[in-house]
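First the structure, in the form of structure tokens, and then the observations on it.
What follows draws every value from the coordinates through simple rules; no lab data is involved. Worth saying up front: this structure is predicted, and the values here are computed from it rather than measured. Here Cβ is always computed from backbone atoms with ideal geometry, including for glycine, and neighbour counts include all displayed protein chains.
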Amino acid sequence: MARNGLDINMIISRGAQLVNEVGLENITLKMIAEDLGVKTPSLYNHITGLEELKMQLMLYGWKQMEQRIMQSVIGVSGYDAIRAGCYAFYEYAIENPGLFNVMLWYNKFQNEETMEATSGLFSVLFKITSSLNISEENCNHIIRTLRGFLEGFSLLVNNESFGNPISIAESFELSINIIIEGIKTLEEIQGGIE
């Protein structure tokens, strides 16, 4: 790839592919530069260093995740949208294990730009849950539950931490069913109170 065409988007895109291949702990600017066919100092015209690269990868990953989830919920609503969004999250996370690590472990609350990294994603989830007969406070609790489950389950899969030979796909589906049934129960309880 010619040095003249090098830009931040190329660096981030290739960095995302490489971090999936080699892992967060092994990614280097030298590796990205060599892969792009440039000298490492050329990267500094676009980023300040490895820490900025990681922040940019985190932002890129959450943006890609948000787009994947938004695509998955087109034409569905309510519980079907929750299920579709959960599968989209999980599939993205396991298809992009290195990038997913960057997304989780880089400080998202460092500044306004990084805080906004997940705002679109959680806005979509809030719209889905708020369409149910559930209080706003409980919608936020549900989103937190979904996030904890999805991030944790995905990390366990990515790190091959499930030693039991039963199907991971079946465990994921059962977990989603249990969460949805719990939300339905909460909806029934809140619906009966109002």
*asked:* Let me confirm the definition first: pairs of Lys residues in the chain, 8 or more apart or on different chains, C-alpha distance under 24 Å. How many are there?
replied: 9
*With everything on Cα atoms, drop me the angle between helix 78-95 and the longest principal axis of the chain, reported from 0 to 90° to the nearest 10.*
30
_the chain: calculated mean residue ellipticity at 222 nm from DSSP helix runs of at least 4, using -39500 (n - 2.57)_ = -23500 deg cm²/dmol
*Have a look at Ser72, Ser42, Gly152 and report the one farthest towards the positive end of the charge dipole of the chain, computed about the Cα centre with Cβ charges (Lys/Arg +1, Asp/Glu -1).*
Ser42
*asked:* Ranking request for peptides 55-68, 22-35: highest mean number of other beta-carbon atoms within 10 Å first, then the rest in descending order.
replied: 55-68, 22-35
*What is the extension gain from Thr145 to Ile178, computed as 0.36 nm multiplied by their sequence separation minus the C-alpha to C-alpha distance, in nm to one decimal?*
10.7 nm
*Whole-percent pair-distance distribution, where bins are 10 Å wide, for the alpha carbons of segment 1-47*: 29, 60, 11
*Taking 0.36 nm per intervening residue step and subtracting the Cα-Cα distance, what contour gain separates Thr28 from Leu155 on full extension?*
43.5 nm
*Starting from the alpha-carbon convex hull of the chain, give the projected area averaged over all orientations, in nm².*
12.7
*Multiply the residue separation of Lys127 and Thr48 by 0.36 nm, subtract the distance between their alpha-carbon atoms, and state the gained length in nm to one decimal.*
24.7 nm
_Under 8 Å for C-alpha pairs, at least 6 residues apart: give me the relative contact order for the chain, rounded to a whole percent._
20
